[in-house]
């Protein structure tokens, strides 16, 4: 009796092969043939699930967006569960922002893949829709975080938007710096930078 293949599980295997290729050799190498070799499959098997390289790349981009935004949503719930202005909230905020950064192997692969797709979307129209979704999803979470950290200022919408964009720019820069200079931009250094940035609008609570 032929073995039944779980289609979604096989798609995820292929996507993981895409991620490994991008993390090690860049997006340009992620062709159907290279991905099939990395996944240990025949090209025909990959085509059974993805008709073209473009379809595979769009699906892979969507997958990394969902992974990252899912982690951010969970981390935001933890922030919401802490007392405003407390040390617990500060730690939860640092944990949330750390989900953007390559602080362990899984986060590093996701950050590398996410950055690669976002940059590629500038010249690959097929990726534009997911790039827009990525920005909106992350911006919405950061915006909600800024509101949580700025009680009583909800009326000053323009100021909050500016602050959210400033934090987004900081996270993008930290992520890129940590990917390119991991020996310098360590997890400890990232934490120090984030703490200094957050202190500008949410003072760090004193340690009891």
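The values are calculated or read from the model by the stated rules, or taken from the named source; none is laboratory data. Just so it is clear, the model here is predicted, and its values are computed rather than measured. Neighbour counts run over all protein chains shown; Cβ positions are idealised from the backbone, glycine included.
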- Message: I'd like to know if the range 151-171 contains one or more residues that are under 30 Å from residue 56 (Cβ atoms) and under 17 Å from the mean Cα position of the chain (by Cα).
- Response: yes
- Is one or more of the residues making up the range 103-116 surrounded by fewer than 14 Cβ atoms within 10 Å (Cβ to Cβ), assigned by TED's automatic domain parsing to the domain that holds residue 193 and either farther than 19 Å from residue 17 by Cα or in contact (Cβ under 8 Å) with a residue 60 or more places away in the chain (or both)? no
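Going by the structure shown, is residue 126 touching a residue at least 24 places away in the same chain (Cβ under 8 Å), touching a helix residue (DSSP H, G or I) at 6+ places or on another chain (Cβ under 7 Å) and more than 19 Å from residue 170 (Cα to Cα)?
Details: touching a residue at least 24 places away in the same chain (Cβ under 8 Å): yes; touching a helix residue (DSSP H, G or I) at 6+ places or on another chain (Cβ under 7 Å): yes; more than 19 Å from residue 170 (Cα to Cα): yes.
Answer is yes for this residue.
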- Looking at this structure, is residue 39 closer than 25 Å to residue 146 by Cα and at pLDDT below 95? no
- Query: On the given criteria, is residue 169 at pLDDT 85 or above, assigned by TED's automatic domain parsing to the domain that holds residue 86 and at negative phi?
  - Reply: yes
- Could you please let me know if residue 21 is assigned by TED's automatic domain parsing to the domain that holds residue 136, in a helix (DSSP H, G or I), modelled with pLDDT of 90 or more and surrounded by 20 or more Cβ atoms within 10 Å (Cβ to Cβ)? no
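Answer with yes or no whether residue 133 is in a loop (DSSP other than H, G, I, E, B) and either in contact with a helix residue (DSSP H, G or I) (Cβ under 6 Å, 6 or more places away or on another chain) or surrounded by fewer than 19 Cβ atoms within 10 Å (Cβ to Cβ) (or both).
Numbers: in a loop (DSSP other than H, G, I, E, B): no; either in contact with a helix residue (DSSP H, G or I) (Cβ under 6 Å, 6 or more places away or on another chain) or surrounded by fewer than 19 Cβ atoms within 10 Å (Cβ to Cβ) (or both): yes.
Spelling it out, it is not the case that residue 133 is in a loop (DSSP other than H, G, I, E, B) and either in contact with a helix residue (DSSP H, G or I) (Cβ under 6 Å, 6 or more places away or on another chain) or surrounded by fewer than 19 Cβ atoms within 10 Å (Cβ to Cβ) (or both).
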- Query: Can you tell me which residues in the range 41-91 are over 17 Å from residue 27 (Cβ atoms) and not in a helix (DSSP H, G or I)?
  - Reply: 41, 42, 51, 81, 82, 83, 84, 85, 86
